[in-house]
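The values are calculated or read from the model by the stated rules, or taken from the named source; none is laboratory data. Please read these numbers as outputs of a predicted model, since none were measured by experiment. When we count neighbours, we look across all protein chains shown, and the Cβ atoms used for this are built from the backbone with ideal geometry, even at glycine.
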Amino acid sequence: MMLQQTQVKTVLPYYGKFIQELPDWKALARAPEEKVLKLWEGLGYYRRARNLRAAAQKVVGDYKGRLPDTHEEILKLPGVGPYSAGAILSIAFQKPYPLVDGNVIRVFSRLFLLRGNLKSGAGLKKVWALAEKWIHPRRPGDHNQALMELGATVCSTENPQCLLCPLMSLCGAAKNGVQDNFPETEKPKENVEVHVAVLLAEKNGRILARKRPEGERWLKGMWEFPSCEGETFEKALRRLEKQWKVKARRTALMEVKHQITHHKIRMRLYPTLKTGSTKPTGARWVTPKELNSLPFSSAQNKLRVWFLSQK
């Protein structure tokens, strides 16, 4: 689950700490959501962590603490789709189920000269059909891991190392010298700039923080300094002041930049001049120590690290 859309070198230290803190399904199932998110802090795509915890609760409640080993049952777990099911069944249980990720798509597109969009629709179905046809019946886990590793280290997006590839003699793209033309990719979406005003409110040695509600489009369940989006920083700040009944300085303390998909996010941290007596649901005043224990997103964590360094 951690390896979805995340590189191995990034995952390894998180995995070790996560398993040390939550070594089995029961420990994960009964862990508070905030603890799970804190252990995941910095990995991104936090829905994976919440789904993993929900899956653990289902494993404990419905399967007596043992992960199901059938395709039908494992797909019932939150956060488990065809890729995860194929990975778990082949690697953990040695069952002949394929998997398809970006690396496998790239390898197959070059091997079989597959054209068009292979990430959805008919193109993706074609890749899955090939993966199912070629899965090794006795060593499916090794087969799937080898395919992914080949795509990650040899059959790379740019400058593929064809002379090192064990499949070179079978590869349609290598034979025709058109490796760089595959896979065919769609034009990427244009980046959208998002302005976010972030509030730094302090009172009696405590700092105002809030838990992002379920209705937010990003980072549900994560904690943050209160924030609002806007077409400009000034509009975002005015919305923030109105929502939180505060008055803020117009000069930001700092700015951080972050990207989620094609959204280029710029965050500016503004200190308050005057703080109201009320606060929206989900917010609370916390000490610096408590602030540091809450699960923050990567961008907001940069603000937190800076703020705590000033103390």
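Here residue 219 meets each of (1) buried (at least 20 other Cβ atoms within 10 Å of the Cβ); (2) assigned to a loop (DSSP other than H, G, I, E, B); (3) at pLDDT 95 or above with one exception, condition (3).
Here is a yes/no grid of residues against (1) within 21 Å of the chain's Cα centre (by Cα); (2) of a type in the set (D, E, K, R); (3) assigned to a helix (DSSP H, G or I):
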{"residue": "5", "(1), (2), (3)": "yes, no, no"}
{"residue": "10", "(1), (2), (3)": "yes, no, yes"}
{"residue": "14", "(1), (2), (3)": "yes, no, yes"}
{"residue": "18", "(1), (2), (3)": "yes, no, yes"}
{"residue": "67", "(1), (2), (3)": "no, no, no"}
{"residue": "88", "(1), (2), (3)": "yes, no, yes"}
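Residue count for segment 166-181 under the criterion of being in a loop (DSSP other than H, G, I, E, B) and either in the same structural domain as residue 262 (by TED's automatic domain parsing) or farther than 11 Å from residue 111 by Cβ (or both): the result is 3.
Given 59, 127, 107, which one is in a helix (DSSP H, G or I) and either assigned by TED's automatic domain parsing to the domain that holds residue 26 or at pLDDT below 95 (or both)? That would be 59, the only listed residue that is in a helix (DSSP H, G or I) and either assigned by TED's automatic domain parsing to the domain that holds residue 26 or at pLDDT below 95 (or both). If only residues of segment 94-127 that are under 23 Å from the mean Cα position of the chain (by Cα) and of a type in the set (A, V, I, L, M, F, W, C) are counted, the one that is surrounded by the fewest Cβ atoms within 10 Å (Cβ to Cβ) is 124.
Within segment 131-142, the residues that satisfy the criterion of being crowded, with 19+ Cβ neighbours inside 10 Å and within 19 Å of residue 170 (Cα to Cα) are 131, 135. Looking only at segment 222-233, residues that are more than 14 Å from residue 295 (Cα to Cα) and not in a loop (DSSP other than H, G, I, E, B) come to 5 in all.
Got at least one residue in segment 291-303 being closer than 30 Å to residue 54 by Cα, without any contact (Cβ under 8 Å) to a residue 40 or more places away in the chain and surrounded by fewer than 19 Cβ atoms within 10 Å (Cβ to Cβ)? Yes, some residue in segment 291-303 is closer than 30 Å to residue 54 by Cα, without any contact (Cβ under 8 Å) to a residue 40 or more places away in the chain and surrounded by fewer than 19 Cβ atoms within 10 Å (Cβ to Cβ).
So residue 29 passes all but one of these: (1) surrounded by 20 or more Cβ atoms within 10 Å (Cβ to Cβ); (2) assigned by TED's automatic domain parsing to the domain that holds residue 3; (3) aliphatic (A, V, I, L, M). Which condition number does it fail? Every condition holds for residue 29 apart from (1). Only residues that are of a type in the set (Lys, Arg) and under 27 Å from the mean Cα position of the chain (by Cα) were counted in segment 238-294, giving 6. For the structure I just gave you, tell me whether residue 68 is without any contact (Cβ under 8 Å) to a residue 40 or more places away in the chain and crowded, with 17+ Cβ neighbours inside 10 Å. Against the criterion (without any contact (Cβ under 8 Å) to a residue 40 or more places away in the chain and crowded, with 17+ Cβ neighbours inside 10 Å), residue 68 qualifies. Here the condition is being farther than 30 Å from residue 37 by Cα and of a type in the set (A, V, I, L, M); of 163, 237, it holds for 163 alone. Got at least one residue in segment 171-193 being at pLDDT below 95 and aliphatic (A, V, I, L, M)? Yes - at least one qualifying residue is present in segment 171-193.
So, in segment 222-242, how many residues would count as being farther than 19 Å from residue 274 by Cβ and touching a Pro at 6+ places or on another chain (Cβ under 8 Å)?
Start the filter on segment 222-242 by keeping residues that are farther than 19 Å from residue 274 by Cβ, which leaves 222-224, 229-233, 235.
Among the residues that remain, those that are also touching a Pro at 6+ places or on another chain (Cβ under 8 Å) are: 222-223.
Matching residues across segment 222-242 total 2.
Output yes when any residue across segment 266-273 is among the aliphatic types (A, V, I, L, M) and touching a Leu at 6+ places or on another chain (Cβ under 8 Å), and no when none is. Yes: segment 266-273 contains one or more residues that are among the aliphatic types (A, V, I, L, M) and touching a Leu at 6+ places or on another chain (Cβ under 8 Å).
One line per residue, one yes/no per condition, for (1) among the hydrophobic types (A, V, I, L, M, F, W, C); (2) surrounded by fewer than 17 Cβ atoms within 10 Å (Cβ to Cβ):
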residue	(1), (2)
150	yes, no
154	yes, no
173	yes, no
185	no, yes
194	yes, no
201	yes, no
205	no, yes
208	yes, no
211	no, no
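Taken together, the criteria place residue 190 among residues that are outside any helix (DSSP H, G or I), at negative phi and either of a type outside the set (Lys, Arg) or surrounded by fewer than 17 Cβ atoms within 10 Å (Cβ to Cβ) (or both). The requirement of being farther than 21 Å from residue 41 by Cβ, assigned by TED's automatic domain parsing to the domain that holds residue 301 and not in a loop (DSSP other than H, G, I, E, B) is not satisfied by residue 209.
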